[in-house]
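A.B. asks: Take a look at this one; I'll ask things after.
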Amino acid sequence: MGNIVKPLVTEKMNSITEKFPNKFGFIVRPEAGKLEIKKEIEDLYNVTVVDVNTAYYAGKTKSRYTRRGLSKGQCNAYKKAIVTLKEGDTIDFYSNI
């Protein structure tokens with residue numbers, strides 16, 4: 001069972017990748033450790049991982065007003081990993097579309 005859920009492709013992550021071309025973001029399982037994430041990314045993308053930074057994000061509650069009154073919901077909580085690759089290595093998420 002893989003620890004990587006999906007690549008993180010957002011405006012903020014794209015701006016980080018433009019500033020630092022060797023940093024990429026992934027959404028990972030909450031129980032995944034840094035060494036497991038490093039090994040899996042090296043195996044999947046054939047790159048050398050130098051550093052892994054992780055962060056937990058709590059699910060945010062959201063509410064909106066509708067005809068039927070106040071509607072409440074919650075976004076999912078997730079764990080994010082920002083991976084720094086060796087200088088010159090890169091990952092192309094759009095190559096197999």
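A.B. asks: Across the chain, how many lysine pairs separated by 8 or more positions, or lying on different chains, have Cα atoms within less than 18 Å?
C.D. replies: Taking the Cα cut-off of 18 Å, the pair count is 29.
A.B. asks: Distance in nm between label sites at K39 and F93, each 7 Å beyond Cα in the beta-carbon direction?
C.D. replies: 2.5
A.B. asks: Hey, got a sec? Which GluC sites (Glu not before Pro) in the range 2-73 land in a DSSP loop and have at most 10 other Cβ atoms within 10 Å?
C.D. replies: On the way: sites: E11, E18, E31, E36, E40, E42; in loops: E31.
Here the sparse-neighbourhood loop sites are E31.
A.B. asks: For V9 and K86 in one chain, what is 0.36 nm times their gap in residues minus the Cα-Cα distance, to one decimal in nm? Could you put the intermediate results ahead of the total?
C.D. replies: Working: separation 77, 0.36 × 77 = 27.72 nm, distance 2.03 nm.
Here the answer is 25.7 nm.
A.B. asks: If you keep only loop residues by DSSP, which trypsin sites (Lys or Arg not before Pro) in the range 1-68 have at most 11 other Cβ atoms within 10 Å of their Cβ? Walk me through the numbers on the way to the answer.
C.D. replies: Values: sites: K12, K19, K23, K34, K38, K39, K60, K62, R64, R67, R68; in loops: K60, R67, R68.
Taking the range 1-68 and a limit of 11 other Cβ atoms within 10 Å, the loop trypsin sites (Lys or Arg not before Pro) found are K60, R67, R68.
A.B. asks: Could you compute the net charge surrounding T54? Neighbours are other residues with a C-beta less than 12 Å from the C-beta of T54; K and R count +1, D and E count -1.
C.D. replies: Values: positive: R29, K34, K38, K79, K80; negative: E31, E36, D51.
Residues near T54 contribute +2 overall.
A.B. asks: Using the alpha-carbon atoms, what tilt in degrees (0 to 90, nearest 10) does helix 34-45 show relative to the longest principal axis of the chain?
C.D. replies: Roughly 70 degrees between the two axes.
Values quoted throughout were computed directly from the atomic coordinates according to the rules given, and no laboratory measurement underlies them. Keep in mind it's a predicted model, so treat the numbers as computed, not measured. Virtual Cβ from ideal backbone geometry, glycine too; neighbours counted across all protein chains shown.
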